[in-house]
Amino acid sequence: MKKTLLAAALALAAAPAFAQSGNNLEIVHHPNYNKSVFMPFSPAIKVKSGKLLWLAGGTALPVYHDQPHKREEVVKHLTNDLEGQVRQTMDGIMQTLKAAGASPKDVVHVFIFRTRPRTGDIGRSSAVVNSYFAPFNNKPTTTNMAVLELGEPEQLVEIQVVAVVDD
């Protein structure tokens with residue numbers, strides 16, 4: 001284990017791009033990348049091998065729920081709490097990744113769609129999402145945007161991820 005960590009550290013120091021999630025992915029940095037600047041995401045990830053796994057947009061509703069949405073389900077799960085909805089959404093995404101034989105270390109991109117934007121929402125939602133990837137030392141590329149509306153008026157966030165899994 002120590003030899004692996006040392007090899008990874010040496011590879012990181014010697015090259016502008018380094019492996020992530022085994023040998024499937026490579027993080028790409030600009031030549032003038034300043035390592036002292038904290039970035040919660042990677043600027044680019046090159047897929048070297050594996051298969052793409054696209055997850056449907058997740059919400060704070062349970063992964064499996066009746067369609068069309070039942071009012072009592074919506075009110076129960078879609079509280080007016082951005083961080084709470086993001087946590088519930090990410091919990092569902094983690095279940096789906098696991099069911100597909102993947103983990104947070106395999107995620108290459110996260111799309112975060114938020115409604116009713118307020119100052120600081122991008123930071124609050126990103127902090128919750130990043131907490132799911134930090135234990136795996138993974139910083140997927142990210143798109144974080146405010147949109148006019150989502151599927152339900154109470155819905156504050158929808159998140160979609162793309163992962164790369166072994167062949």
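Each reported figure results from applying straightforward, stated rules to the coordinates on display, with no laboratory input. The model shown is predicted, which means the values in this text are computed figures rather than measured ones. Using ideal geometry, Cβ is built from the backbone for each residue, glycine included, and neighbour counts are taken over all protein chains shown.
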Sequence-separation-based contact order of the chain, relative, with Cα cut under 8 Å and 6+ spacing, percent = 31
query = What angle, in degrees between 0 and 90 and rounded to the nearest 10, separates the Cα long axis of helix 121-133 from the longest principal axis of the Cα atoms of the chain?
reply = 60
key: Nearby aspartates and glutamates by direct alpha-carbon distance to residue 48 (threshold 17 angstrom, same-chain neighbours under 8 apart not counted)   = 26, 106, 166, 167
message = Under a crude label model (7 Å from the Cα following the beta-carbon direction), how far is residue 38 from residue 118 in nanometres?
response = 2.3
task = Among the listed pairs 46/76; 46/98; 76/98; 51/76, give every one whose C-alpha distance is greater than 30 Å.
result = 46/76; 51/76
Relative packing of 58-65, 151-158, which averages over residues the other C-beta atoms within 10 Å, highest first = 151-158, 58-65
Which label in [x] 1.27; [y] 1.01; [z] 0.95 gives the computed Rg/Rh (Cα atoms, Kirkwood Rh) = [y]
inquiry  = Check which residues have an amide H placed less than 5 Å from residue 28's amide H, if you skip close sequence neighbours.
reply    = 44, 45, 46
inquiry  = Taking θ = phi - 60°, what integer Hz values does the Karplus form 6.51 cos²θ - 1.76 cosθ + 1.60 yield along region 81-89, in sequence order, with x for Gly and Pro?
reply    = 9, 4, 4, x, 5, 5, 4, 4, 5
key: Under the Karplus curve 6.51 cos²θ - 1.76 cosθ + 1.60, θ = phi - 60°, whole-Hz ³J(HN,Hα) for region 53-69, x wherever Gly or Pro sits   = 10, 9, 9, 4, x, x, 10, 6, 5, x, 3, 9, 8, 5, 10, x, 4
